[in-house]
Amino acid sequence: MSNYIKKAYKVPADIGRKVIVDGKSGVIVKNDSHHLGVNFDSDKASVVSYCHPTWRVTYLDEFGVIRQLTKSQQRYKRFLEYGDSFKSFIDFCYWDAEQQRQNRA
């Protein structure tokens, strides 16, 4: 998708590129359809804000580090994906901790 955004909007929207959006600095972490997924420096690594590629965006020449999710953030992301299959969060945690778990989706 990043090629689509780059061609359609004529912007250097590369994953990992540093940007300033409406005065806030961040790094492009994903490109979804017509929007950039930006992780702002002031947010946790798990927070992705969707921004239009041309609305108050300054593309910098530098590339930044895409911050990795902590283990608890990774678990919560999995819970959002699979959570409806469980009676409770603790049931999900037991399933998630299993070495040989079966996909419940």
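Read-outs: derived from the displayed coordinates by stated rules, not from any lab. Given the structure is predicted, the values throughout are model-derived calculations rather than measurements.
Side notes on the structure shown:
- Pairs from the table (Lys7/Lys71; Lys10/Lys71; Lys24/Lys77) lying more than 31 angstrom apart at Cα are Lys7/Lys71; Lys10/Lys71.
- Under conditions of 10 °C and 1.306 mPa s, the chain yields 103 µm² s⁻¹ as its translational diffusion coefficient, taking Rh as the Kirkwood radius over Cα pairs in the Stokes-Einstein equation.
- The phi-based Karplus calculation (6.51 cos²θ - 1.76 cosθ + 1.60; θ = phi - 60°) puts the 3J(HN,Hα) values of the range 47-59 at 8, 10, 9, 9, 10, 6, x, 10, 8, 6, 10, 10, 8 Hz, whole numbers, x for Gly and Pro.
- Principal-axis tilt of helix 71-82 within the chain, Cα atoms, nearest 10 degrees: 80
- Computed from backbone phi, the HN-Hα couplings of the range 13-24 come to 8, 9, 4, x, 6, 6, 9, 10, 10, 6, x, 9 Hz, rounded to whole numbers (Karplus: 6.51 cos²θ - 1.76 cosθ + 1.60, θ = phi - 60°; Gly and Pro given as x).
- Here the relative contact order of the range 24-105, from alpha carbon pairs under 8 Å that lie six or more residues apart, stands at 18 percent.
- Residue with peak Gaussian network fluctuation, the chain [Cα springs, cutoff 10 Å], from Tyr94, Tyr76, Tyr50: Tyr94
- Candidate aspartates and glutamates for bridging to Lys87, where Cα separation is under 15 Å - those fewer than 8 sequence places away on the same chain excluded: Asp96
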